[in-house]
Amino acid sequence: MKKLIFILPLLFFSCTKAVKIDIPGYKEQLVVDGNIEAGGHPVVILSKSANIYSESYLTAYVNSFVSDADVKVVVDNDTFNLDYILSTDLPVSSQKKLAEMLRIEWEDLLQLPIRVYSSTILIAQQEKSYELVINYQSKKYSGKTYLPDPTPLESLYWKLEPETIEYGYSWARLHDPAGQYDAYKWEVKRINTKSDGQPIDQIFKKGNGAYTDDHYFDGLTFDFYYENPLKRKDSTHLVQYKRYYRLGDSVVVKFSKMDKKTFDFFDKKSAQLGSSGNPFSTPINIPTNMTGGALGIWAGFTPWYDTLFCVP
């Protein structure tokens, strides 16, 4: 086969043309990052969408937090007012939940002057719907989330990979309830203690594929494995096995259920983050369960816990 080679006379000719692009005007919107878990308190971060075309994006971000909204949670016709609280004044469980939401270490959170809307009076329960109501600048925003019954894992076990003598994945068996919609989130933290007596991990973390629903496995019983999403905090843990758990690890697994709107938000958000930088990816509009023109999510979860002991 002959190859045809075309040489364009780019060295001899050049031209320029001014291209005018109309960028849509920036419209500020309220952004909601709210979380409520069965057994826990509500945690709500309010901010304003930042103008990415502003001269100082950092300044726009710093000035985006909303501190003067009236925020309530309604459940069973009872209304709970949420206070604007400094993160260090939250209960420890809420501090750690906030750190998980922001994806920063708990110790780092305590160094930041972050305030959130919360209430220590309200403790969420499963099988209940919770409505978040926000009044801000003469506008009303609201969203509802439901905390479903959790689905426990039938078994949780660790299995050595054949080529190793001390590394393996976490395995679990799930029996998905038939005939209903179910969505799940997988999070973990190690409770092995360090030399100072503190656990290796203070907060739960999740990896890629942490969110899934039963679209393809409704009513099925099956075994699956999950990689270790946690950072190597022991230099003797070989780097080629960083996604494995190590012999002797003790791992708390947090397996949570959520409603469909919550799953759709995080599923689309994960897909958008995964395709970031790919010029051939399809643009993704992230849905919201908030009304009134707000962005973000009022997310509800019902967790189930078990401990994985990495022993043969």
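Each value in this text was obtained by applying a stated rule to the coordinates, not by laboratory testing. What you see is a predicted model; the values in this text were computed from it and never measured. In this analysis, Cβ positions are derived from the backbone assuming ideal geometry, glycine residues included, and neighbour counts consider all displayed protein chains.
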**For region 30-147: relative contact order, % (alpha-carbon pairs under 8 angstrom, 6 or more apart)** = 32
**Residue exposure sequence - Ser142, Ser129, Ser170 - by fewest surrounding Cβ within 10 Å** = Ser129, Ser142, Ser170
**Prompt:** Any idea what the alpha-carbon Rg over 2.2 N^0.38 Å comes to for region 179-279?
**Reply:** 1.28
**Message:** To make sure I understand, if each residue's beta carbon is the centre and we count other beta carbons within 10 Å, what order do Trp158, Trp106 fall in, fewest to most?
**Reply:** Trp106, Trp158
**Request:** Considering Cα pairs under 8 angstrom that are at least six residues apart, work out the relative contact order of region 155-258 and quote it in whole percent.
**Result:** 38
**Request:** Can you run the Rg to Rh ratio on region 30-147? Use alpha carbon positions and the Kirkwood inverse-distance Rh.
**Result:** 0.98
**Prompt:** Separation between the Tyr181 and Lys194 pseudo-spin-labels, each 7 Å from Cα along Cα→Cβ, expressed in nm?
**Reply:** 4.2
**Request:** Rank these for me by crowding, Leu238, Leu220, Leu132, Leu308, going from fewest to most other beta carbons within 10 Å.
**Result:** Leu220, Leu238, Leu308, Leu132
